[in-house]
Amino acid sequence: MITFSTIQKSQLEGAKRLDAEYYQPEYLEIVQKIQSVPHTSLDSYAEKVFSGPFGSTLKSESYQDAGVPFIRISDIGDLFIDQDTLVFISPDEHKRIYATRLNVGDIVLSKIGTVGRLSVISEELGEVNISENNIGIRLSKLPEEKKIALLFLLLSKYGQKQLLRKASGNIQLKLNVSDVESIQVPLFDDVMLRALKNIYIDFLSKRNESDSLYAQAEGLLLEELGLRDFKADEDLYSVVNFSDIQTANRMDAEYFQPKYEKIISVSRKHDGKALGELVTVKKGFEPGAGAYEDEGRLFIRVSSLSKHELLEKDQKYINKKLYDELKKEYEPKKGEILLTKDASPGVAYVLDKSVEGIISSGILRLKLKEEVNPDYLALCINSVVGQMQVERDAGGSVIAHWKPEQVKSLLVPILPKATQEEIAELVRESHAARKKAKELLEEAKRKVEELIESSAK
């Protein structure tokens, strides 16, 4: 169905935008509803809106393992920064680009690609800096409840559609600072501000509970394996037999670091089995970017997967016809483990329900063929036990592809069934708390939307 709208010349916003997409009825309706309630522009609401350091000489070789967190577009997660791939810059480098700093409670959002993805800077991160592909919103002078209200507004359809409307570009969408500054922000009353703050507090409580339970599960695993105080220290040298080099088909010193051998030795001591003995492994499919759609059936990529859940970050879709052709071979089912092998290899998640979609070629479907608890198995892969083996296979470099034969050879310690279940129950409780946190986030977005719509009548 074709949609259209008729507007007056005086409505062309100074003739800065003449493209029909900008004046789609759904966008006009969003703006009309916000403008019918007390509102202001984001540049009046925030202390400052700015882009990351344009033309910065900062390169990947400047990244460090510690220092000041440096937020890239790929780090923007589901409301919070994804710390699994976070990089850092030196205090001196941070000082050089200090004008683009953000602090706790400030917001960072993506400027290009999938525009409008955003995260709030948490207390855990403290002061950070951002890349040139991000836009920062500094809110230090605002009361906490107003920061929270803006966050939920931007996450709601009244924020997301405004951002999408403002974005321009044919091949790749892009937001300018002025686009974000012009976003219309409703002025909520004190009752609404308190309600949103209370939801946010409950949300944080459930997120923290989820993280704590998962840490308990991993702690119990390491305790049972005698690895509670394990430190992955680098040794200056190691002595190995020539037969070991032949078996591994590797002769780089990094592969034979004693820290890796300790993990392998501990796993063997606890009835360790190769992952290929425990599961069948099925690789996903890559139809190519040309097959991506804005809606349809899910196409689950590496960026969609975390050890806690399937993420909605930068989600892609395929049409129903292609889905029907591929689903028999590539649609994941309840109880299967999804495991990344490319980009960020070694991330495992157990599906608590079947998914109507297919997985990309960067993800493997693991289906149990031996009696081992799937949540326990996924935790082993996500823990230091699995991650050290992934690191070893990478040879100390950034691994782009984790080969299927390497995946199958990953050694998994097999603890008694009662211990497996105890660990798995903590993991399941962690996932349940995270699901509740997600429901609270959706509740806050609904409250924002309902208030605007009821007030606009």
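What to note about this one:
- Order by protection proxy (mean Cβ within 10 Å, highest first), peptides 36-48, 360-372: 360-372, 36-48
- Tilt relative to the chain, helix 258-269 - C-alpha long axis, 0 to 90 degrees, to 10: 70 degrees
- Packing rank of 307-316, 110-119, where each peptide gets the mean count of other beta carbons within 10 Å, highest leading: 110-119, 307-316
- Unsatisfied cross-links (Cα-Cα over 31 Å) in the set LYS341/LYS445; LYS262/LYS341; LYS157/LYS283; LYS283/LYS445: LYS341/LYS445; LYS157/LYS283; LYS283/LYS445
- Helix 144-155 and the longest principal axis of the C-alpha atoms of the chain enclose an angle of approximately 90°.
- Computed log₁₀ I(q)/I(0) - Debye formula, equal Cα scatterers, no solvent, the chain, q 0.06, 0.07, 0.10 Å⁻¹: -0.31, -0.42, -0.84
- Separation of the PHE285 and SER90 label points, Cα + 7 Å toward Cβ, nm: 5.0 nm
- Computed over the Cα atoms of segment 341-457, the ratio of the radius of gyration to the Kirkwood radius (Rg/Rh) comes to 1.12.
- Label-to-label distance, nm, for residues given as SER36 and GLU356 (7 Å Cα→Cβ offset): 3.2 nm
- Taking the C-alpha atoms only, the angle from helix 190-225 to the longest principal axis of the chain is near 10 degrees.
- Å³ per residue enclosed by the Cα convex hull of segment 9-187: 124 Å³
Coordinate-derived values only; no laboratory data. Computed from a predicted model, the values in this text were never measured in an experiment. Every residue, glycine among them, receives a Cβ derived from its backbone with ideal geometry; neighbour counts consider all protein chains shown.
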